[in-house]
Amino acid sequence: MSTIDHNPTYLGKVSRRSFLMTASALSGLAVMAKLGIVSAMAQDASRGGVLRFGIGDAVASEKLDPAIASNGSVTQLAPCVFETLLRRAPDYSLLPWLAEKWEANEDFTAWTFHLKPDIKFHDGSVMTADDVVYTFTRLMDESVGSSLRGRLLASMRPEGLKIIDAKTIKLELIKADTLLPEVFSRSPYAGIIKKGSKPALTPASAIGTGPFKVKSFVPGKSWELVRNDVYWVTGYPYLDGVQCALIPDQTAKAQAVISGAVDLTDGFDAAAAKKLADNPNVRLDLMKNFLFYGFFIDRTVKPFDDVRVRKALKLAMDRDQILKSAFQGYGDTTPDIPVPRSDAYFPPNAPAGTQDIQGAKALLAEAGYPNGIEFELFTSAVRPGMVDMAVLLAESAKAAGIKIKVNQWPTATYWDQVWGKKPAYIDFIGRRSVHDVLDVAFAKDGRFNGSKFDQDGTLRQEIEAALREPDAEKRKSKYQGALLRVANESSVPIPLFIHLISVINKSIGGDPQAFGEPFSIFALWKNK
C-alpha cells in the first residue's frame, strides 16, 4: 500500500557512462531544470507560516519509522522528514537526490552510490556512508518489518554493503540485479536515517535529512513538523512548519480547504473534487496513475481456488463504470495489469478488459457453478472511492450470477482487522516498478500478497530471472509475461489506476510536484 519501472533511461537506452554523466550533472537544484521548472519560479514566494494539512487516513498503530510507513497519516509525514538516495521525475525516470551519481559494474552484480557532500541530519551531523549502510542493513532486518526486505534480500546481504569512503558505498550482490537503484527511490521506505537511531514514537527518535523535523506526534491523531534550518536544498523550505489536521469525513475536508481552515488535503474524493474544479478558492493537483485499486481475494478459498471463477469475476466487472462513477474519470482503466498503460513494460497483448457477462456465465458453469456464486467483500471509507467501487462491482456482477455482499468496515480498524485477514477485501498499491509490484503484491511471500497467489513460487522465479537479465529487450519480454500471468490467473481483479487528487487552497503557492515524486510539501509557500 502502501511507487516502478517507468522509463529506466539507464538500462538499455543509454550507456552507463552516459547515464552517470547525466546523473552527476543533475545535482542540487539543477533537478528543477530536468523537470522543466525554472528555479526563479519562487522568487516572489513568501516565507514563513505553518501549512495546515487536512488528512483523512490515520491509524493508532502508526510509527515514525519510514521503513514501515505503509498506511495512515505517517505516509504523509515521513517523506517530509526522511529522504531517499533517488527521486522520481513525473515520467518516473530516476533523479539524483541524496546520491549525486551511481553506476553498476558490467554484469550488474555490484552497484556504487556516490553521496552528495555536506548533507546534514536534523541534529547537525553530516550524513555519511555509515548512515546509508546502517539504513540498508536495517531494511534487511526481519524484526524491523520493512516491505523492502524481501526485495533487497533477493539480491544482496548485509555483508555485501561496503564503505569505500565517507561518501561512497558499494553494494556487492549475490546475483545480478539490473533494477536495484529503483528500490532506493521508494519513499518513504528507503528514507535514510542516522546511524544508531531507531525511529519510533518520540520526535527525538526521527532523525532524517528532510526539510522538516518532527515537533510532536500522536499516533492516529495528530502531528506537527517544524522547519529544518540546515536543509541542504538552498532556499527551501519556505514554510516554518506543517500541522496535521485529521479530517476523516470528505465533506468536512472539502469545506475546510474551501474556507481556508486547512491549506492542503491528502487524497480527495473524486466526486467532491470535480465539484471543486471551478471553485475560485481552491486549485486541484493531480499526480497521474498514482496507485491502483484491487479486489484482493484469497485464491485458496472456494470458489476462487478455480481459475475459471477468478476469470469470470474479472469479465463481469465494468471497469469504465467504476472509473466514471467512483472516480469521475480521474484515472485510467487497466485489464488487471498492475502497471499503467503508459508504463514501458505494459504488455501489448494484454486482455481487452471489457465487460463480458455471457463469457463470465459460461466460465462459472464450466467450473461447476451454473447458478452463480456468492461471497462477502470488505471495504471501507479509508480512501476515496473504496466503498463506491465495491458497490459498483456488486451491481455489475449481478448479471453474471455473482452475488457480492458488501461489508463496509469502520475506518479506524480496517487496516488492523480486515487487511490481510479477511478472504476478500479492497486494497490499493502505490505505483511501483514492474519488478517491485510483482514482488510485493503477487509473488510468493510478498508483503501485500493478500490473494495468496504464486503458492508454488514459480512467479517469483520468473521475475527474479528477469531481474538478472542484462539484455533490456529480453528483460522486458520476461516481465511482460509475468504481468500477463497475473492478469489471466490471479484472484485480484484490478479495474483501474487512479490519479491522486490533492486540493490546495488558493492562498498556497508553489508546485507540490516541483521536485518529482514524492509529493514536495517543502516546495509550497503561504501567500501574504
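The values are calculated or read from the model by the stated rules, or taken from the named source; none is laboratory data. Model, not experiment: these values are computed from the prediction. With ideal geometry, Cβ positions are generated from the backbone for all residues, glycine too; neighbour counts draw on all protein chains shown. Surface areas here come from the heavy atoms of the whole protein model, side chains and all, with no ligands, DNA or RNA. Shrake-Rupley method; radii C 1.70, N 1.55, O 1.52, S 1.80 Å.
Considering each residue of segment 220-247, count those that are open to solvent by 40 Å² or more (accessible area, probe 1.4 Å), at pLDDT below 95 and either under 25 Å from the mean Cα position of the chain (by Cα) or among the hydrophobic types (A, V, I, L, M, F, W, C) (or both), and give that number.
Result for segment 220-247: 4.
Where in segment 70-169 are the strands (runs of 3 or more DSSP E), entirely inside, with at least 1 residues that are aromatic (Phe, Trp, Tyr) and in contact with a helix residue (DSSP H, G or I) (Cβ under 8 Å, 6 or more places away or on another chain)? Show your work before the answer.
Values: elements: 86-88, 94-96, 99-104, 110-115, 161-165.
Fully inside segment 70-169 and qualifying: 99-104, 110-115.
Tell me, which residue of segment 316-343 that is in a helix (DSSP H, G or I) and open to solvent by 50 Å² or more (accessible area, probe 1.4 Å) is nearest to residue 273 (Cα to Cα)?
Within segment 316-343, the match that is nearest to residue 273 (Cα to Cα) is 324.
Can you tell me which residue is least open to solvent (accessible area, probe 1.4 Å) among those in segment 248-272 that are among the aliphatic types (A, V, I, L, M) and part of a loop (DSSP other than H, G, I, E, B)?
262
For segment 455-496, which positions are among the hydroxyl-bearing types (Ser, Thr, Tyr) and assigned to a loop (DSSP other than H, G, I, E, B)?
490, 491
Within segment 344-358, restricting attention to residues that are closer than 18 Å to residue 494 by Cα and small (Gly, Ala, Ser), which residue is most open to solvent (accessible area, probe 1.4 Å)?
Checking each candidate, the answer is 352.
Could you list all residues from segment 511-520 that are buried (at least 23 other Cβ atoms within 10 Å of the Cβ) and out of contact with any Pro (no Cβ under 8 Å at 6 or more places or on another chain)?
515
Could you grab me the full set of residues in segment 487-507 that are more than 19 Å from the chain's Cα centre (by Cα) and surrounded by fewer than 23 Cβ atoms within 10 Å (Cβ to Cβ)?
487, 488, 489, 504, 506, 507
What pairs come out if I take residues in segment 46-69 that are farther than 15 Å from residue 212 by Cα and pair them with residues that are open to solvent by 50 Å² or more (accessible area, probe 1.4 Å) and part of a strand (DSSP E or B) whose C-beta lies under 6 Å away, six or more apart or interchain?
Short answer, once both residue conditions are applied: 55/246; 58/246.
Would you check if there is a residue in segment 401-415 being buried (at least 23 other Cβ atoms within 10 Å of the Cβ) and among the small types (Gly, Ala, Ser)?
no
For segment 458-472, does any single residue satisfy the condition of being β-branched (Val, Ile, Thr) and closer than 29 Å to residue 149 by Cβ?
Yes: segment 458-472 contains one or more residues that are β-branched (Val, Ile, Thr) and closer than 29 Å to residue 149 by Cβ.
Would you mention how many residues in segment 305-315 are farther than 30 Å from residue 272 by Cβ and buried (at least 21 other Cβ atoms within 10 Å of the Cβ)? Even if it seems obvious, please write down each step before you answer.
Step one: of segment 305-315, the residues farther than 30 Å from residue 272 by Cβ are 305-312, 315.
Next, only the ones that are buried (at least 21 other Cβ atoms within 10 Å of the Cβ) stay: 309-312, 315.
Selection size over segment 305-315: 5.
Looking at segment 360-395, which of the residues that are part of a helix (DSSP H, G or I) and open to solvent by less than 20 Å² (accessible area, probe 1.4 Å) is nearest to residue 57 (Cα to Cα)? If you could, list the steps in order and put the result at the bottom.
Within segment 360-395, the first condition is being part of a helix (DSSP H, G or I), and the residues that meet it are 360-366, 386-395.
Subset that is open to solvent by less than 20 Å² (accessible area, probe 1.4 Å): 360, 364, 386, 389-390, 393-394.
Details: 360: 36, 364: 38, 386: 13, 389: 18, 390: 19, 393: 24, 394: 25 Å.
Per the criteria, the residue is 386.
Identify the single condition in (1) at pLDDT 95 or above; (2) in contact with a Ser or Thr (Cβ under 9 Å, 6 or more places away or on another chain); (3) of a type in the set (Val, Ile, Thr) that residue 333 does not satisfy, given that it satisfies every other one.
(2)
For residues that are outside any helix (DSSP H, G or I), more than 16 Å from residue 68 (Cα to Cα) and charged (D, E, K, R), scanning just segment 433-454, find the one that is most open to solvent (accessible area, probe 1.4 Å).
In this case the residue turns out to be 445.
Quick check on segment 170-194: of everything there that is of a type in the set (D, E, K, R) and part of a loop (DSSP other than H, G, I, E, B), which residue is surrounded by the fewest Cβ atoms within 10 Å (Cβ to Cβ)? Give the steps one after another, and end with the answer.
Step one: list which residues in segment 170-194 are of a type in the set (D, E, K, R), which gives 170, 172, 175, 177, 182, 186, 194.
From the residues that got through so far, the ones that are part of a loop (DSSP other than H, G, I, E, B) too are 175, 177, 186, 194.
Values: 175: 13, 177: 25, 186: 26, 194: 22.
The selected residue is 175.
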